[in-house]
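Below is one structure; the comments refer to it alone.
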Amino acid sequence: MLSSTSDVERGFGVEALRLILRYAHLIGFALLLGAAVMQYLSGKVRINPAMVWGAVIQVVTGVALSAPLRGGGDDEPSPVKLGVKLLVAVLIFIMVFVPRKRDVVNSGHFLAIIGMTLLNAAIATFWR
Ligand code: HEM
């Protein structure tokens with residue numbers, strides 16, 4: 001319950017922080033997916049720096065968004081959902097980071113990165 005002006009101000013501040021983190025999370029998603037799809041369509045199947053940045057941004061902003069930023073009540077996302085997303089995102093990070101200097105990677109490996117990115121976006125959207 002908001003009981004004083006400072007509580008109200010803290011509430012607005014936390015909500016602003018959540019929105020900024022969500023904005024950064026969506027930019028990370030755009031980078032990771034956009035860079036991966038463009039790279040695949042270019043015909044040269046390798047990891048590019050925008051994919052690595054996107055994968056890092058997703059883990060960092062995702063973990064930050066998992067803090068109780070919605071007042072700690074029933075609005076908070078399920079911890080199981082967050083755990084699954086974290087697992088998938090860490091796997092994506094490892095899969096882009098380890099072979100990032102290789103001239104070419106296996107196209108199955110590359111498509112799995114795209115698939116897992118789409119999977120995490122689907123979990124974010126449909127797992128309520
Ligand atoms: C490749 C990795 C990831 C992708 C593609 C992804 C994608 C998304 C998308 C599309 C949204 C919806 C944003 C909206 O509805 O405005 C979202 C929200 C969210 N994601 Fe992720 N995510 C990823 C990783 C993570 C990780 C690792 C975590 C935490 C463990 C996480 C936690 C969250 C949370 C808490 C929200 C809700 C934000 C809010 O509305 O308050 N995400 N994610």
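Within 10 Å of each residue's Cβ, count the other Cβ atoms and sort 38, 116, 51 from fewest upward.
Details: 38 12, 116 17, 51 27.
The fewest-first ordering by Cβ neighbours comes to 38, 116, 51.
For n ≥ 4 DSSP H runs only, could you compute -39500 (n - 2.57) per run for the chain, divide by its residues and tell me the 222 nm figure to the nearest 500?
Taken over the chain, the calculation gives -25500 deg cm²/dmol.
Fewest first, what order do 85, 44 take by the number of other Cβ atoms within 10 Å?
On the way: 85 23, 44 10.
Ascending number of Cβ neighbours within 10 Å: 44, 85.
Bear in mind that the values in this text are calculations on the coordinates, not laboratory data. Not measured: the values here are computed from a predicted model. No Cβ is skipped: glycine too gets one built from the backbone with ideal geometry, and neighbour counts run over all protein chains shown.
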